[in-house]
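J.: Just passing along the structure, written as structure tokens.
The values are calculated or read from the model by the stated rules, or taken from the named source; none is laboratory data. What you are looking at is a predicted structure, and each value in this text was computed from that prediction instead of being measured. When we count neighbours, we look across all protein chains shown, and the Cβ atoms used for this are built from the backbone with ideal geometry, even at glycine. Only protein heavy atoms, including side chains, enter the accessible area calculation; ligands, DNA and RNA are left aside. Shrake-Rupley method; radii C 1.70, N 1.55, O 1.52, S 1.80 Å.
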Amino acid sequence: MRKLIVAASVALAMMAGVAHAQERNLRIAFDVPYEPFEYKDENGELTGFEVELAEAMCEEMNANCEFVIQAWDGMIPGLLARKFDLIMSSMSITPERAERVLFSEPYYNTPGGWFGPESFNTDVTDMAAMEGMTVGVQRGTTMDTFVTEKMGGVVTIKRYTTADDMVLDLEGQRLDVVFVDYPVGEQTVLSKDGFKEVGEPVKLGQGVGVAMRKRDEDLAQEVNEALATLKEDGTYDTIMEKYFAYDIKM
């Protein structure tokens, strides 16, 4: 009997050790505020489309996740410095970024949008008409890259750490127009009186993915499998419909 008890105890200890070894602790970085993707509600709690999707993803992966707030321009450096393990903050997949980080499969794609005051009547695709104007973008985004490549030398480009700061300057008439992720423009610009969409949406990049360190291939596979499950079982659609009036899936 004593041998049986000892054997059972050893087996339980081994099972506990395996469970402990399989337990995954992850830190996920978000740029806040970036409504409706990630922001703090009236109670100071972190919420938004990507925050809720990350919570569901972590549950599917059976992972303990800690959420970290990180300014956008420090995202990739912070990931590479091991300050966190994943970036889940509307990071568009681009060839330049893919040289430094490993991306999951894209989990959404929204265009960039042009927004300005109701008095703005200029064609944003007409470089002669746009000459000398001041355009706001968030630093280091695909919108920043687009404006720099297409309009550099024609317009004055003002770069901001947060979308909120950019909108404040738009309200203060220190910008003529802004180019931001379309849902962000809807939430932060169109929600205010006196502003409108001033150009056609522009599709940018290959979609948005979760970014990880290059060597974390196993983690990327787990992330891809979890996101695929959330799309298949309807969880993704439930979260998406809470924040968007249109389909943003890839």
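J.: Kindly indicate whether TYR246 is within 18 Å of the chain's Cα centre (by Cα) and modelled with pLDDT under 95.
T.: yes
J.: So for region 98-118 (the condition being closer than 18 Å to GLU217 by Cα, hydroxyl-bearing (Ser, Thr, Tyr) and under 14 Å from the mean Cα position of the chain (by Cα)), does at least one residue qualify?
T.: Checked region 98-118: at least one residue is closer than 18 Å to GLU217 by Cα, hydroxyl-bearing (Ser, Thr, Tyr) and under 14 Å from the mean Cα position of the chain (by Cα).
J.: Now, a different point. Tell me whether region 162-172 contains one or more residues that are under 30 Å from GLU222 (Cβ atoms) and either of a type in the set (Val, Ile, Thr) or modelled with pLDDT under 95 (or both).
T.: No, that holds for no residue.
J.: Ok, one more. Please work out if SER104 is within 17 Å of GLU197 (Cβ to Cβ) and modelled with pLDDT of 95 or more.
T.: When the stated conditions are applied, SER104 does not pass them.
J.: Consider region 142-171. How many of its residues are part of a helix (DSSP H, G or I), open to solvent by 20 Å² or more (accessible area, probe 1.4 Å) and not hydroxyl-bearing (Ser, Thr, Tyr)?
T.: 8
J.: Also: Does VAL223 count as in contact with a strand residue (DSSP E or B) (Cβ under 7 Å, 6 or more places away or on another chain), in contact (Cβ under 8 Å) with a residue 12 or more places away in the chain, in a helix (DSSP H, G or I) and under 30 Å from LEU26 (Cα atoms)?
T.: In short, no.
J.: Here's a follow-up. Looking only at region 66-91, filter to residues that are in a helix (DSSP H, G or I), more than 11 Å from ALA211 (Cβ to Cβ) and in contact (Cβ under 8 Å) with a residue 24 or more places away in the chain; which one of those is most open to solvent (accessible area, probe 1.4 Å)?
T.: ASP73
J.: Additional query: For region 98-113, which positions are within 27 Å of LEU170 (Cβ to Cβ) and either open to solvent by 10 Å² or more (accessible area, probe 1.4 Å) or part of a helix (DSSP H, G or I) (or both)?
T.: The answer is ASN109, THR110, PRO111.
J.: Checking the structure you have, find out if any residue of region 174-185 is at pLDDT 95 or above and surrounded by fewer than 17 Cβ atoms within 10 Å (Cβ to Cβ).
T.: The answer is yes, given that some residue of region 174-185 is at pLDDT 95 or above and surrounded by fewer than 17 Cβ atoms within 10 Å (Cβ to Cβ).
J.: Tell me yes or no: at least one residue of region 200-218 is among the hydrophobic types (A, V, I, L, M, F, W, C), under 19 Å from the mean Cα position of the chain (by Cα), assigned to a helix (DSSP H, G or I) and surrounded by 15 or more Cβ atoms within 10 Å (Cβ to Cβ).
T.: Among the residues of region 200-218, not one is among the hydrophobic types (A, V, I, L, M, F, W, C), under 19 Å from the mean Cα position of the chain (by Cα), assigned to a helix (DSSP H, G or I) and surrounded by 15 or more Cβ atoms within 10 Å (Cβ to Cβ), which makes the answer no.
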